[in-house]
């Protein structure tokens, strides 16, 4: 995998690769928390991710 | 020309169960992902330490983008998340319509007691009793050609007998674990030992191993050696245990059911799903991309069907396990009663082999190995696998079957 600094930002293919990397991260984060907390019920999953349903725009 | 739409097989495949929960998890996971991109740089504990470095790297990349590129990435994430959600649905569709059906087990019924059967795999080898969990079907011990511990042992001089618990019948609806041991396992063991004319080896898998421990404590004279595979024993608070966290929810749920109603399969499946809510998305997307004629695809279908074909758990057994085992740790505290007496592992004198897979999320290795300190004549084995992969995965032969076979052949202890 290329480092982000090597990504040419205007390249659609690179944007897709970066997006896939983020989606893998998103999924792996849920998996890691499930392992850490022994399990994540549907309510736990919604609680973990709910801020991200409500949050729009802005990179903080 | 449009290809005809594949039809759903008229088979036992009804999974993944509960379907609504799997769909909901996938929806939650992928619908929230685009919003998550905007929070990449946060340090509020949202990102698990195991993925924090990757989150930071992606945050740097994101911060380095101009507005146009950020919008393009946002669009790519939305597209990618939608594609993953769709691929998950394609995988479920492909699973439900896959033509593979597991070959019928080549075994005869040696003995039938209530809803349970003792299956005889035949041959003239050393009789051996195998006890599966009460929760999923027995045939994880004989999943399919090339993925069968029973067939492996039969080919090497053993005559496996496997307990098929079946659906709890009228009698079993009122069974506690002790009744399963004394009224089902003891007669089955006597039958197998009678054929052998001597004590026989016993292999217990998962909860079947816990029952086998009680069997060895009550009818040890018929057992030559005992192998326990991913068998829960110690439910102490100090150990990681997904089931211990979920058990109170199930116990509470059960209080709302009619008094004698067994614990439904979907209630148990909800627990298995919650151990990793991202798992079904990953595996069904992988299946969607798989060559459907490959052995790997058939294996996937066989495994999923097995995992989704459990029987409901008799109410007293469910209450005993959820409260007596998971909450009060009666086995680990040597307080579990079978036939009116405490099950004391110190009463077991035969050699015992305890396999605790290193990656087991359902029965943590520490829970399985918790029995070792109570046994006089035991040794441990740690396959580098998960709870089910240990039995049927690509490394099952080298990681479990061969070491188990070697131990079964060993003289004395």
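Bear in mind these aren't lab numbers, they're just calculated from the coordinates by the rules spelled out. Since the model is a prediction, treat every value here as computed from it, not as a measurement. Quick reminder, even Gly has a Cβ in these numbers, built from the backbone with ideal geometry, and neighbours come from all protein chains shown.
Key figures
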| quantity | calculated |
| --- | --- |
| Degrees between helix B:207-219 axis and first principal axis of chain B (Cα, 0 to 90, nearest 10) | 10 degrees |
| Whole-angstrom gap from segment B:12-62 to segment B:159-197, using each part's C-alpha centre | 45 Å |
| Binned Cα-Cα distance frequencies in chain B - 20 Å width, integer % | 24, 53, 20, 3, 0 |
| CD proxy at 222 nm, helix term only [per DSSP H run n ≥ 4: -39500 (n - 2.57); per residue of the protein assembly as shown; nearest 500] | -13000 deg cm²/dmol |
| Cα long-axis angle, helix B:19-37 against chain B (0 to 90 degrees, to the nearest 10) | 40 degrees |
| Convex hull projection area averaged over all views, segment B:144-283, Cα basis, nm² | 11.3 nm² |
| Other protein chain Cβ atoms within 10 Å, averaged over every residue that makes up B:64-77 | 5 |
| Peptide B:81-92 - average C-beta neighbours from other chains (10 Å radius) | 1 |
| Per-residue Cβ neighbour rank within 10 angstrom, fewest leading, B:139, B:121 | B:139, B:121 |
| Between helix B:279-288 and chain B: long-axis angle, C-alpha atoms, 0 to 90°, nearest 10 | 80 degrees |
| Against the rule of thumb 2.2 N^0.38 Å, how large the Cα Rg of segment B:65-116 comes out | 2.46 |
| Mean Cβ neighbour count within 10 Å, used as a protection proxy, ranking B:122-128, B:324-330, A:23-29 highest first | A:23-29, B:324-330, B:122-128 |
| Whole-number D in µm²/s for segment B:93-169 (Stokes-Einstein; Kirkwood sum over Cα pairs; 10 °C, 1.306 mPa s) | 119 µm²/s |
| P(r) weight above 29 Å for the protein assembly as shown, C-alpha pairs, percent | 53 percent |
| Rg(Cα) / (2.2 N^0.38 Å) computed for segment B:19-96, rounded to two decimals | 1.29 |
| Sorted by Cβ neighbour density within 10 Å, fewest at the top, the residues B:290, B:182, A:15, B:390 | B:290, B:182, A:15, B:390 |
| Mean-position separation - Cα centroids, segment B:210-250 and segment B:351-384, in angstrom | 10 Å |
| Other protein chain Cβ atoms within 10 Å, averaged over every residue that makes up B:42-52 | 5 |
| Size of segment B:1-151 as Cα extents on the principal axes (Å, biggest first) | 74, 49, 28 |
| Extension gain from residue B:410 to residue B:236, taking 0.36 nm per residue of separation minus the Cα-Cα distance | 59.3 nm |
